[in-house]
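Quick note: the coordinates plus some simple rules give every number you see, no bench work behind them. Predicted model, so just to flag it, every value in this text is computed and none were measured. Cβ placement follows ideal geometry from the backbone for every residue including glycine, while neighbour counts extend to all protein chains displayed.
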């Protein structure tokens, strides 16, 4: 059934936005979210929708090899996945060009690899086909407080404000079916220009800033490839290709009763988020451990948390609700873990407090540490009585006894 | 040849529950009175249609009447025709004189005596001559026993010269023998035994066995439902008495005899789901693919039994299941068509039917028989689930129902010897032919007929948007007829505007008005052309709501009303009003008025206790208002709908 669509997953490489969480060793696609690689959420979604013909494009050769080997191991009997790589500097549009020769189906779905979402892809596929659209974009209602709440990254408030300003402006018709205008906030100057012919055609344009472009598009293959071919300088799908197609939607031969560009607005109950910033990473981890736990497929215990049976906890250690403790982790006595995700094979000493944080795999926290609002990557070693607030600690970093850090990004020297 | 059995089939159409079961229950055969009454019925000129019925062998009828007295009053279990083959073969092989004119009789029967009236009447004499043959022939297949006996009893050469009356009296005695009672019978049997060959004896034996079985079965059936049986009996006898029943008709009956129960079940109109029956609805919902959220609080009391409008919110729920395999494997093409029905992107009987056929074609192409399954059965089940999916999106139109019926029939008749590829290609070609013949070519033919009715200076009124009417008008314009069109439209869908746009683009002179001005505009109109969603057996036109009003006004002004409708949309159902079967539209469509933003009185109507909005989709135009129905088979009065159903749509009955 899913044969009519081919899927391109643009998985990214080692994005700079997520420094120091991602590195050559841990590409973005393999960043753990709720102790599962980020890419697995997208691939599972594809599998649920029977979209079996998947191409994954990874930026950077090393990252590509790692992602490829992981996919081969985890999905060898479930999905037909081909992994290809493009150079580090290439944009998403380049990634799409690189797999263009492999596409043969009538419609192509392009998915961003950093999406965590439960919108059934069948809905987009069906809507796309029903309206015989050239482009269908998935839009999700933005939760009102998103981006304003306390975030793990502890990035300055200025950046937060920037984040809000960067909200996309999306123009829809009154029935919310047609996509008439797209501009990402960062590109946007002071004015919004909607072509007059589109205004005339639609009669009414609603401009939304409360919708999130989920970076999931269904394209008509020919339309997409033609646009890519004609405009060699297009770098990004979202910033160049999609606005181009939306702007010129009336130019393409339009059949009566069809839409050239349509939008699928997901219901409010659906979860959809993208891991594109550090605070988003923290938020999504907490969501996945909390309300959106169904995405991970873990079974929740009576305490509303997930503790792997092989994890060991010492006496008087409290693990609060909305926590995930990974396989083989050991916690000492009198520890307290609240709203956090702890990875596999971590060794946590006594009297350690982990609050609102993400601790990845093979991390050692010695006695008396306090970790709050932070992200600690794999193989990090915190010696005794370290205090971290709003910090990100890169892979393999060692923090000495009694150190105290606030709002810092810590990583090994050579990587900086 | 079909019309040979005209009167009989006519009855079947009117009363579809009465089946020709092929035997008569004991005690119901009321001898002379029954016969005379039935023959009187046959003679009655009220056969429902002006079809060309070939002159019946008139000799036979009075003969039957004359000779009815000697008919035994005893119960007459007419043996079924279930084991027809051995005796038939035997007939052919047999060198008895009966066989000598058998071929001749067969020839007449096989040729069509009524292919033209003149031919039929020229053959009249011949038919009269041959009528004994025919009766004997009938006997041969219907009452094996009697045939045997008649052959051996009668001095054969004389038989050819015998009058019909004799043969019939001969036949009339038969039933008594079938009962195998009385010494006379035994004697005859013995005599038979002496004279018959081995093969003959065997045939005889078989026919006797069949007779016994039939007697048993008839007794059972009589217990089950005696009243219709009675009608059956008279019907049956009438056929025997009067008509040289054609071979194909007999074959029909044979099939029926083989599977009477199953057939009955299939043919009985399935009770439609009444949506105010909570238990049934709950049951249907459990089986449904999509959870129906049609629990609308504000139903109109009189229309509670109809399927409630599927709100557009259902669309999202449906779309989300699109690519999931667990939802009973609805093929994507069918899924898309269903969604388009739901959003009303595809409307109109023809368009919906064509879209469905196309989708089914896709589905068949992608179909592979699962292992351990028979294609025809598995495919029927699959089609059923797809159809039920389509009907959850929007209730099926009658045109679709008919198309599905014919398609399922085709699947059922697939021979097992075909390979899967052959079977698939034959199904696909069936779908293609159906769309081509019944819709596209039929439309062309209708246009050809209808155009002759438009003359220069006409003012043609039409309501809403019917694609056939559009074709008629544009064709009439293109061949240079000078006429004006009045497009009458009605809220809320305002489909007439589509028609208006296309007519204006072709340069036709048009007037556009709404249905509330129809009485005014009708004064200048000379002809009314309307489309139809279906035409029912009593001539009622079932069409987009508003049609009835337009037709009624036209009737009042003595303006001829012509309905353009393909015959595949005809339906055997009889409907007197538009309440018992209809479709509900979106009540919210009535709330706003296009271009009148200030008209907000109805906004929030569903909060009111006392207000209900009713948006019906169809209405029923009584046959009285219809002057003529233009079909691809010609122009007929609405009273002739049963004839069309009977003559041109025989496949579903087979």
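Summary table
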| read-out | value |
| --- | --- |
| Spacing of the two label points (7 Å from each Cα toward its C-beta) at residue B:577 and residue A:232, in nm | 7.6 |
| Crossing angle, helix A:221-230 versus chain A [Cα axis fit, 0-90 degrees, rounded to tens] | 90 |
| Most mobile of A:389, A:353, A:16 in a GNM of chain A (Cα contacts under 10 Å) | A:16 |
| Two-decimal log10 I(q)/I(0) for chain A, as the Debye equation yields it once each C-alpha is a single scatterer, q = 0.13 Å⁻¹ | -1.10 |
| Rough spin-label spacing in nm, given labels placed 7 Å along Cα→Cβ, for residue A:200 and residue B:610 | 5.0 |
| Nearest-0.05 FRET efficiency for residue B:381 and residue B:624, computed from C-beta distance (R0 56 Å) | 0.80 |
| Global geometry of segment A:266-308, whether rounded, prolate or oblate, following the gyration tensor of its Cα atoms and the 1.5 cut on a/c | oblate |
| Using alpha-carbon coordinates, inclination of helix A:278-289 to the longest axis of chain A, degrees | 80 |
| Shielding of B:345-352 by partner chains, average beta-carbon count, 10 Å | 1 |
| Estimated FRET transfer efficiency when R0 is 22 angstrom, pair residue B:648-residue B:429 (beta carbons, to 0.05) | 0.60 |
| Volume per residue of the C-alpha convex hull in segment B:497-562, rounded to whole Å³ | 99 |
| Separation in nanometres of the label points that stand 7 Å from Cα toward Cβ, at residue A:316 and residue A:384 | 1.8 |
| Shape of segment A:188-337, Cα gyration tensor, a/c cut at 1.5 | prolate |
| At R0 = 51 Å, FRET efficiency that the Cβ-Cβ distance of residue A:132 and residue A:345 yields, to 0.05 | 0.50 |
